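What follows is a single structure, written as C-alpha cells, with notes after it.
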Amino acid sequence: MDLPKLAIAALGGTVSMQASHAGEGVIPTVSGETLLASVPELTTLARVTVETLGLLPSASLNFEFLLSVLSWARYQVEQGAIGVVITQGTDTLEETATFFDYLWDRNEPLVLTGAMRSAAQVGADGPVNLLDACRVALADTSQQRGVQVVMNGQIHQAGHVRKTDSLALQAFSSPVFGPAGLLVENTVRYLRAPTPRMLLPLPQQTTQKIALLEASLSADTLLLENILELGYDGLVIAAFGAGHVSARWAAVIENIAKKIPVIIATRTGSGATAQFSYGFVGGEIDLIRKGASMAGFLCPRKARILLWLLVGCQRQDELASYLYPPL
Ligand code: GLU
C-alpha cells in the first residue's frame, strides 16, 4: 500500500533533552531521527521525512528562525507531504503556534508538539505525543484547521491554547474554548467543525519591536514612559481583570497610543477583555477613548505576536479587524 507522506522537524525542547552526565541538568541533544526511532509504529502509518532544524530550548527560539521553519514546512507540503509535525520546547509553544497559524495558508495541517518529561525520564511523554501529533497530521479531518497543538491526548487550536502549568503532564489547556479535539483509542476525534482563520502575509521586515508590560499593583510608570524613546513600534499591556490599568498608567498610555498601536489584554489567564462595562479612569472605556485597542480573547503573548506580524507587513491600521474575528 502507498503510505501518505509526512514531514517532521525537530527544533529542540524537553522532548529532545537528556543529561550528558548523571546528575547534570538536561539539555537538547536528541535529534529528530532519534525521536522518530522512539515511535516505530509510525512506519506503518506514513512515509516519513525527518529533519533536525534546531536543538534549542524554546525560550531561545526567535521570529526569524520560525520564518525559516515555516518556509521548510511549506516546501514539505509542496513536495507532497499531507501534513507537517514540528517538535519543540513547550515553554513558548503557545506563541509559536499562534505565529505559525497567522501565516500558514495551506489546507494541510501543521501540528506542534513537545514533551513535559525529557527523553530519558521514566514515563517520558515525548514518544506518545509525537505519535499522536502524527496521527492528527495524517487525519483527513485535520484539513483546513491551520495549526494545532497536540499534547497529552488533546488537540488544541493555536489561537486558544496556553501553557497553564509549569511542570504537570497536563500542562496545556484552552481556557473558555476547551480542546478542539481528542485522541480516543488512537483515533483523532474533533469536537467541533473548523472555524474561519485570520491569515496574514509574510512580514517584509523583522526588525520591529513590540513591548509587553504587565500591570501590577502600585506599579511605577518608568518603563512605560520610556517606550517611545526606546524605539518600540507597538505595545501590549497585560492588564488587570477585563482590561484595566491604574489612572497613572492610563495617562501615559494615552500619549503612547497617539504614536504607536497599543493593545490591552487581560493578565488573568482566561476570558475576554471588556468594551462597554467600566467607566473609571484606566477602565476599558477610558483606554479605548485614549486610543488603545482591546485584545478580546487574545492573551497578552498572542496579542504581541499579532502586532509584531501586523507591523511587519505594514497592516497595523487593520488591527481592529484582527482583534475581533468571528468566533
Ligand atoms: N518544559 C520545557 C519544554 O517542554 C522546557 C524547555 C523548553 O521549552 O525548551 O520543553
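Listing for the model above:
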item	result
Among residues of segment 1-33, those that are within 16 Å of the ligand (Cβ to nearest atom), touching a residue at least 60 places away in the same chain (Cβ under 8 Å), open to solvent by 30 Å² or more (accessible area, probe 1.4 Å) and in contact with a helix residue (DSSP H, G or I) (Cβ under 9 Å, 6 or more places away or on another chain), counted	2
VAL149 in contact (Cβ under 8 Å) with a residue 12 or more places away in the chain, assigned to a strand (DSSP E or B) and touching a helix residue (DSSP H, G or I) at 6+ places or on another chain (Cβ under 6 Å)	yes
Some residue of segment 309-319 being in contact (Cβ under 8 Å) with a residue 60 or more places away in the chain, part of a loop (DSSP other than H, G, I, E, B) and more than 21 Å from LEU202 (Cβ to Cβ)	no
Out of VAL111, VAL122, sole residue that is buried (at least 24 other Cβ atoms within 10 Å of the Cβ), out of contact with any Pro (no Cβ under 9 Å at 6 or more places or on another chain), of a type in the set (A, V, I, L, M) and not in a helix (DSSP H, G or I)	VAL111
Test set (1) open to solvent by less than 30 Å² (accessible area, probe 1.4 Å); (2) closer than 25 Å to LEU323 by Cα; (3) assigned to a helix (DSSP H, G or I) - CYS134 fails condition number	(2)
Segment 289-302 - residue that is in contact with a Gly (Cβ under 9 Å, 6 or more places away or on another chain) and either assigned to a loop (DSSP other than H, G, I, E, B) or touching a residue at least 60 places away in the same chain (Cβ under 8 Å) (or both) and, of those, most open to solvent (accessible area, probe 1.4 Å)	PHE297
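Results for (1) at pLDDT 95 or above; (2) of a type outside the set (Val, Ile, Thr); (3) open to solvent by 60 Å² or more (accessible area, probe 1.4 Å); (4) out of contact with any Gly (no Cβ under 7 Å at 6 or more places or on another chain), shown as yes or no for each residue.
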{"site": "GLN157", "(1), (2), (3), (4)": "yes, yes, no, yes"}
{"site": "LYS163", "(1), (2), (3), (4)": "yes, yes, no, yes"}
{"site": "SER166", "(1), (2), (3), (4)": "yes, yes, yes, yes"}
{"site": "GLN170", "(1), (2), (3), (4)": "yes, yes, yes, yes"}
{"site": "VAL176", "(1), (2), (3), (4)": "yes, no, yes, no"}
{"site": "LEU191", "(1), (2), (3), (4)": "yes, yes, yes, no"}
{"site": "LEU202", "(1), (2), (3), (4)": "yes, yes, yes, yes"}
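Okay, residues lined up against (1) closer than 21 Å to PHE297 by Cα; (2) acidic (Asp, Glu); (3) free of Cβ contacts under 8 Å to residues at least 40 places away in the same chain:
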site: LEU213; (1), (2), (3): yes, no, yes
site: SER216; (1), (2), (3): yes, no, yes
site: LEU222; (1), (2), (3): no, no, yes
site: LEU230; (1), (2), (3): no, no, yes
site: GLY243; (1), (2), (3): yes, no, no
site: SER246; (1), (2), (3): no, no, yes
site: ILE264; (1), (2), (3): yes, no, yes
site: ARG267; (1), (2), (3): yes, no, no
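The values are calculated or read from the model by the stated rules, or taken from the named source; none is laboratory data. Quick caveat, the model's predicted, so the values are computed rather than measured. Ideal geometry is used to build each Cβ from the backbone, glycine not excepted, and the neighbour counts take in all protein chains shown. The accessibility values were calculated without ligands, DNA or RNA, using every heavy atom of the protein model including side chains. Shrake-Rupley method; radii C 1.70, N 1.55, O 1.52, S 1.80 Å.
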